[in-house]
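Colleague: Below is a structure I'd like to ask you about.
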Amino acid sequence: MIAVGAPADAVPASAADLLRVTDLAVEFRTRRGVVHAVDGISFDVQAGEVVALVGESGCGKSATAYSILRLIADPGRISAGQVRFEGTDLLGLSDEAIRGVRGNRISMVFQEPMSSLNPVQRIGDQVAEPLTQHRLANRAQAWARAAELLRRVNIPDPEARLRDYPHQFSGGMRQRVMIAIAMACAPRLIIADEPTTALDVTVQAQIIELLKAAVQADATGLLLITHNLAVVARYADRVNVMYGGRIVESASADDLFAHPGHPYTLGLLNSVPTLDQSHGAQLIPITGQPFDPLQRPSGCFHPRCPQANDRCRAQSPPVFESRAGHRVVCWLAARRFQGGPA
């Protein structure tokens, strides 16, 4: 284990990066002060892989997703950082140019489809819209492609369902429609923001399987934003754990679940029941509450960490990195990884 002198979330650059987020910061101005919703995070997504952003509600996951497509509205703003997509910094594009990226080269699947779909517009028109906007297809061409997309996401009798309205679909079917819309223009990157919220377990698996299939078939990158660790364990290639607007741990999914290094990650895992858990065993919840974003504590996770010491309370930790590229922002990380300063 080595201590890295670079900024806490810094990640080595790669020419193969599809998406590279560097030192991204998002703030919201309120009457009580400035909320730092995203506080200098960095991560990347490669073509053909699933990268997960994991954490509690309010940790900055959705704000990160919205920032990539520059969908942060007043009183919020992106205050620092770069979002490079295929080598181009999206934050430097004109409003017209970023509109050409949204729904075309980068698509987003939102967490509540009933709020995203137009209730008075036929499904066919909504699936066809990206094609008429970005591919200049006529209505007949776009509807034919829309039927193919509905078939691809396993909606029966797609030609007939194109004429239906959102309220005529179940929650799981509406989310399939959202995936069809996202795939319409064969994007290079799909951002899925809590795509399985309010769906039962069986439907959750079907939705993530569809997204994973799109990644594998089209060499698309998928940024999966979720609090569902079961989904992450099964489908993600790499994981970034967020707490308080910062990434506190990054690793391959296999390494993270086998060797969690940050106390917060360990707390998340201990809070989830497992199939092999012994009868009568109790879950171990994370103590306390997320801090007030207007009153960030010194140090890091220490107000909720049972192992925190005086150093944790006084100093913000650097990144500690293992030989496998497992990165943890925690003074105790070296001890967890068997060696290094702690």
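The values are calculated or read from the model by the stated rules, or taken from the named source; none is laboratory data. Just so it is clear, the model here is predicted, and its values are computed rather than measured. Neighbour counts are summed over all protein chains in view; Cβ atoms, including those assigned to glycine, are modelled from backbone coordinates with ideal geometry.
Results for (1) surrounded by 14 or more Cβ atoms within 10 Å (Cβ to Cβ); (2) over 22 Å from the mean Cα position of the chain (by Cα); (3) over 18 Å from residue 42 (Cα atoms), shown as yes or no for each residue.
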position	(1), (2), (3)
253	yes, no, no
260	yes, no, yes
271	no, no, yes
328	yes, no, no
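Colleague: Output the residue which, of all residues in the stretch 72-119 that are of a type in the set (S, T, N, Q) and free of Cβ contacts under 8 Å to residues at least 40 places away in the same chain, is surrounded by the most Cβ atoms within 10 Å (Cβ to Cβ). Break it down into steps so the answer makes sense when it comes.
Modeller: If we filter the stretch 72-119 for residues that are of a type in the set (S, T, N, Q), which is where we start, we get 79, 82, 88, 94, 104, 107, 111, 115-116, 118.
Next cut, free of Cβ contacts under 8 Å to residues at least 40 places away in the same chain only: 88, 94, 115.
Values: 88: 13, 94: 8, 115: 8.
If we take residues in the stretch 72-119 being of a type in the set (S, T, N, Q) and free of Cβ contacts under 8 Å to residues at least 40 places away in the same chain, then 88 is surrounded by the most Cβ atoms within 10 Å (Cβ to Cβ).
Colleague: A further question follows. Of all residues in the stretch 16-40, count the ones that are β-branched (Val, Ile, Thr), surrounded by 15 or more Cβ atoms within 10 Å (Cβ to Cβ) and out of contact with any helix residue (DSSP H, G or I) (no Cβ under 6 Å at 6 or more places or on another chain).
Modeller: Within the stretch 16-40, residues that are β-branched (Val, Ile, Thr), surrounded by 15 or more Cβ atoms within 10 Å (Cβ to Cβ) and out of contact with any helix residue (DSSP H, G or I) (no Cβ under 6 Å at 6 or more places or on another chain) number 3.
Colleague: At pLDDT below 95 and of a type in the set (Lys, Arg), is that true of residue 152?
Modeller: Taking the combined requirement at face value, the residue satisfies it.
Colleague: Do we have any residue at all in the stretch 282-290 that's of a type in the set (S, T, N, Q) and outside any loop (DSSP other than H, G, I, E, B)? Full working, then the answer.
Modeller: Within the stretch 282-290, the first condition is being of a type in the set (S, T, N, Q), and the residues that meet it are 282, 287, 289.
Narrowing further to those that are outside any loop (DSSP other than H, G, I, E, B): none.
Taking every residue of the stretch 282-290 in turn, none turns out to be of a type in the set (S, T, N, Q) and outside any loop (DSSP other than H, G, I, E, B).
Colleague: Please verify whether residue 308 is touching a helix residue (DSSP H, G or I) at 6+ places or on another chain (Cβ under 6 Å), part of a loop (DSSP other than H, G, I, E, B), modelled with pLDDT of 85 or more and surrounded by 16 or more Cβ atoms within 10 Å (Cβ to Cβ), treating the condition exactly as stated.
Modeller: Yes: the conditions hold for residue 308.
Colleague: Pick out the one residue from 68, 72, 41 that is within 19 Å of residue 194 (Cβ to Cβ) and in contact with a Gly (Cβ under 9 Å, 6 or more places away or on another chain).
Modeller: Going through 68, 72, 41 in turn, the sole match is 41.
Colleague: Please go through (1) farther than 21 Å from residue 37 by Cα; (2) of a type in the set (D, E, K, R); (3) touching a residue at least 40 places away in the same chain (Cβ under 8 Å) for residue 218 and return the number of the only condition it doesn't satisfy.
Modeller: Among (1) farther than 21 Å from residue 37 by Cα; (2) of a type in the set (D, E, K, R); (3) touching a residue at least 40 places away in the same chain (Cβ under 8 Å), the lone unmet condition for residue 218 is (3).
Yes/no matrix, rows are residues, columns are (1) touching a residue at least 24 places away in the same chain (Cβ under 8 Å); (2) in contact with a strand residue (DSSP E or B) (Cβ under 7 Å, 6 or more places away or on another chain); (3) crowded, with 16+ Cβ neighbours inside 10 Å:
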site	(1), (2), (3)
141	no, no, no
157	no, no, no
177	yes, no, yes
223	yes, yes, yes
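Colleague: Please indicate, with yes or no, whether at least one residue in the stretch 186-202 is part of a helix (DSSP H, G or I), surrounded by fewer than 18 Cβ atoms within 10 Å (Cβ to Cβ), in the same structural domain as residue 66 (by TED's automatic domain parsing) and modelled with pLDDT under 95.
Modeller: As a first pass, look at the stretch 186-202 and keep what is part of a helix (DSSP H, G or I): 201-202.
If we keep only those that are surrounded by fewer than 18 Cβ atoms within 10 Å (Cβ to Cβ) too, we end up with 201-202.
If we keep only those that are in the same structural domain as residue 66 (by TED's automatic domain parsing) as well, we get 201-202.
Filter once more, so that each one left must be modelled with pLDDT under 95: 201-202.
Yes; the residues of the stretch 186-202 include at least one that is part of a helix (DSSP H, G or I), surrounded by fewer than 18 Cβ atoms within 10 Å (Cβ to Cβ), in the same structural domain as residue 66 (by TED's automatic domain parsing) and modelled with pLDDT under 95.
Colleague: Just the residues that are part of a helix (DSSP H, G or I), within 30 Å of the chain's Cα centre (by Cα) and aliphatic (A, V, I, L, M), please, taken from the stretch 139-176.
Modeller: 142, 146, 147, 149, 150, 173
Colleague: Which one is surrounded by the fewest Cβ atoms within 10 Å (Cβ to Cβ) among residues in the stretch 50-71 that are over 11 Å from the mean Cα position of the chain (by Cα) and at pLDDT below 95? Steps first, answer last, please.
Modeller: The first filter runs over the stretch 50-71 and keeps only residues over 11 Å from the mean Cα position of the chain (by Cα), leaving 56-59, 67, 69-71.
After this cut, where a residue has to be at pLDDT below 95 as well, the list is 56-59.
Working: 56: 15, 57: 9, 58: 14, 59: 24.
Filtering first and then ranking leaves 57.
Colleague: Also, I was wondering about something else. Restricting attention to the stretch 294-334, report how many residues are of a type in the set (Ser, Thr, Tyr) and either without any contact (Cβ under 8 Å) to a residue 24 or more places away in the chain or touching a Lys or Arg at 6+ places or on another chain (Cβ under 9 Å) (or both).
Modeller: Summing the residues that are of a type in the set (Ser, Thr, Tyr) and either without any contact (Cβ under 8 Å) to a residue 24 or more places away in the chain or touching a Lys or Arg at 6+ places or on another chain (Cβ under 9 Å) (or both) in the stretch 294-334 gives 1.
Colleague: Considering only residues that are within 22 Å of residue 66 (Cα to Cα), more than 13 Å from the chain's Cα centre (by Cα) and small (Gly, Ala, Ser), which ones fall in the stretch 217-244?
Modeller: The one that is within 22 Å of residue 66 (Cα to Cα), more than 13 Å from the chain's Cα centre (by Cα) and small (Gly, Ala, Ser): 244.
Colleague: Shifting gears a bit: Being at pLDDT 95 or above and under 13 Å from residue 104 (Cα atoms) is the filter here, so list the residues in the stretch 133-148 that pass it.
Modeller: Across the stretch 133-148, the qualifying residue is only 134.
Colleague: Now a separate question. Go through (1) under 18 Å from the mean Cα position of the chain (by Cα); (2) polar (S, T, N, Q); (3) modelled with pLDDT of 95 or more; (4) over 24 Å from residue 126 (Cβ atoms) one by one and return the number of the condition residue 88 breaks.
Modeller: Looking at each condition in turn, residue 88 falls short on (1).
Colleague: Let me ask something else about it. On the given criteria, is residue 111 at pLDDT below 95 and under 19 Å from the mean Cα position of the chain (by Cα)?
Modeller: Working: at pLDDT below 95: yes; under 19 Å from the mean Cα position of the chain (by Cα): yes.
In short, yes.
Colleague: Failed condition for residue 273, given (1) in a helix (DSSP H, G or I); (2) without any contact (Cβ under 8 Å) to a residue 40 or more places away in the chain, with all others met?
Modeller: Result: residue 273 fails condition (1) only.
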